[in-house]
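Heads up: the structure comes next, in structure tokens.
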Amino acid sequence: MFCLTYLIPGDPARQILGPNAPIADVNRLRHQLGLDRPFFEQYWHWVVGLLHGNLGQSVQTNSSVAHEIAHRFPVTCSIAIGALVVTVVLGLPLGLVAGTRPGSLADRIVTMGTSVLLSVPDFWLAILLVLLFSVKLHVLPAIGYVPFSVSPVSWAQHLVLPCLAAGVGGAATLARQLRGSLADALEQDYVRTANAKGVRGSVIVLKHALKNASIAPVTVVSIIFAYTLGGTVILEYIFSIPGMGQYYYQALNAKDVPAIQGVTLLVAIIFVVVNLAVDVLYAYLNPKVRLG
């Protein structure tokens with residue numbers, strides 16, 4: 001990532017001072033920022049700072065990257081958690097309905113609907129939601145963000161549209177994964193045995209089949225959550241939300257290497273932690289993993 005950022009055309013010093021700034025001032029600022037150093041020296045300087053817990057100073061704001069991330073991460077985390085709620089609330093019942101009735105009319109409707117939702121880009125859905133709920137109905141704010149400590153109600157209102165835009169596609173993916181896994185689980189011998197013993201259908205589905213069919217859906221949900229934490233760049237830009245995605249977008253435009261590296265490192269850590277948590281959850285869902 002450091003190498004790719006280094007190869008991006010543009011000069012951060014020139015962007016800061018403007019296109020009409022004297023070349024002497026630009027060179028002086030490049031020296032102050034360390035941009036005139038060789039590539040490996042810049043990278044080594046960043047790694048040494050990282051080992052000391054220092055992510056560096058942002059080129060565009062001259063503030064601590066760690067402080068900026070700490071300030072913006074809760075905002076992006078709010079969107080990710082809200083999108084996760086939308087994903088589970090919409091995807092779980094749809095997957096249950098389709099998975100317990102494979103080949104039925106309900107199954108075909110869910111399959112067709114999820115196919116459509118998977119084809120809709122989240123940024124296009126975000127624009128449609130703004131046009132409907134903000135421009136036409138005037139029931140939700142179109143842009144902006146209000147901290148929870150200032151007004152919990154306004155905080156929730158400003159997050160509804162971004163969370164819907166980020167979570168609808170995930171709900172479609174979850175529904176399709178759960179439908180396939182649940183339909184396969186209901187064909188297993190233990191389900192036939194439970195039916196022969198007279199166990200209620202709801203108990204078979206919710207207590208036995210759903211648990212065994214949840215491996216793939218749990219993986220999907222975890223990936224969606226991690227992706228939302230690190231991939232809300234476009235949505236935060238559309239809704240003018242001051243989260244990590246907006247910060248990352250601004251850093252890319254300014255070729256702000258410390259900010260880009262800091263956000264990338266955090267996203268990588270999030271993916272590792274989420275995958276580790278899912279592996280631990282596998283042991284609960286599938287006893288064979290514990291025995292292995």
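The values are calculated or read from the model by the stated rules, or taken from the named source; none is laboratory data. The model shown is predicted, which means the values in this text are computed figures rather than measured ones. All Cβ positions, glycine included, derive from the backbone under ideal geometry; neighbour counts span all protein chains shown. All accessible areas refer to the heavy atoms of the entire protein, side chains included, with ligands and DNA or RNA removed. Shrake-Rupley method; radii C 1.70, N 1.55, O 1.52, S 1.80 Å.
Restricting the first member to region 139-151 and to residues that are within 14 Å of L235 (Cα to Cα), and the second to residues that are of a type in the set (V, I, T) and part of a loop (DSSP other than H, G, I, E, B), the beta-carbon pairs closer than 9 Å and six or more apart or on different chains are I143/I241; G144/I241; Y145/I241. One residue stands out in region 12-28 among those that are open to solvent by 30 Å² or more (accessible area, probe 1.4 Å) and within 16 Å of N62 (Cα to Cα): the one that is farthest from the chain's Cα centre (by Cα), namely R28. Within region 43-58, the residues that satisfy the criterion of being open to solvent by less than 50 Å² (accessible area, probe 1.4 Å), assigned to a loop (DSSP other than H, G, I, E, B) and not polar (S, T, N, Q) are L55, G56.
The residue pairs whose first member lies in region 7-30 and is modelled with pLDDT under 80, whose second member is in a helix (DSSP H, G or I) and among the aromatic types (F, W, Y), and whose beta carbons are closer than 8 Å, counting only pairs six or more residues apart or on different chains, do not exist in this structure.
Can you tell me which residues in region 276-292 are modelled with pLDDT under 85 and loosely packed, with under 14 Cβ neighbours inside 10 Å? Of everything in region 276-292, those that are modelled with pLDDT under 85 and loosely packed, with under 14 Cβ neighbours inside 10 Å turn out to be D279, V280, A283, Y284, P287, K288, R290, L291, G292. Among the residues of region 150-178, those that are open to solvent by 80 Å² or more (accessible area, probe 1.4 Å) and within 19 Å of A83 (Cα to Cα) comprise V153, R176.
For region 59-70, residues that are at pLDDT 85 or above and surrounded by 13 or more Cβ atoms within 10 Å (Cβ to Cβ) total 6.
Only residues that are exposed (fewer than 14 other Cβ atoms within 10 Å of the Cβ) and of a type outside the set (A, V, I, L, M, F, W, C) were counted across region 76-106, and they come to 2.
Note on region 118-127: residues that are open to solvent by 70 Å² or more (accessible area, probe 1.4 Å) and touching a Gly at 6+ places or on another chain (Cβ under 9 Å) total 1. Do we find that Q188 is touching a helix residue (DSSP H, G or I) at 6+ places or on another chain (Cβ under 8 Å), more than 30 Å from I127 (Cα to Cα) and open to solvent by 70 Å² or more (accessible area, probe 1.4 Å) in this structure? For Q188, the condition - touching a helix residue (DSSP H, G or I) at 6+ places or on another chain (Cβ under 8 Å), more than 30 Å from I127 (Cα to Cα) and open to solvent by 70 Å² or more (accessible area, probe 1.4 Å) - is met. Take the residues of region 32-42 that are touching a helix residue (DSSP H, G or I) at 6+ places or on another chain (Cβ under 9 Å) and either part of a helix (DSSP H, G or I) or of a type in the set (V, I, T) (or both): which is most open to solvent (accessible area, probe 1.4 Å)? Per the stated criteria, the residue is Q32. Of all residues in region 128-149, those being open to solvent by 40 Å² or more (accessible area, probe 1.4 Å) and either in a loop (DSSP other than H, G, I, E, B) or not hydrophobic (A, V, I, L, M, F, W, C) (or both) number 9. Would you confirm whether or not region 107-114 contains a residue that is part of a helix (DSSP H, G or I), surrounded by 12 or more Cβ atoms within 10 Å (Cβ to Cβ) and hydrophobic (A, V, I, L, M, F, W, C)? Yes. In region 196-260, counting only helices (runs of 4 or more DSSP H) that sit wholly within it, the ones holding 3 or more residues that are open to solvent by 10 Å² or more (accessible area, probe 1.4 Å), modelled with pLDDT under 85 and in contact with a helix residue (DSSP H, G or I) (Cβ under 9 Å, 6 or more places away or on another chain) span 215-230, 244-254.
In this structure, S181 does satisfy being under 30 Å from P102 (Cα atoms), open to solvent by less than 70 Å² (accessible area, probe 1.4 Å) and either charged (D, E, K, R) or under 28 Å from the mean Cα position of the chain (by Cα) (or both). Does L125 satisfy the condition of being in a helix (DSSP H, G or I) and at pLDDT 90 or above? It is true that L125 is in a helix (DSSP H, G or I) and at pLDDT 90 or above.
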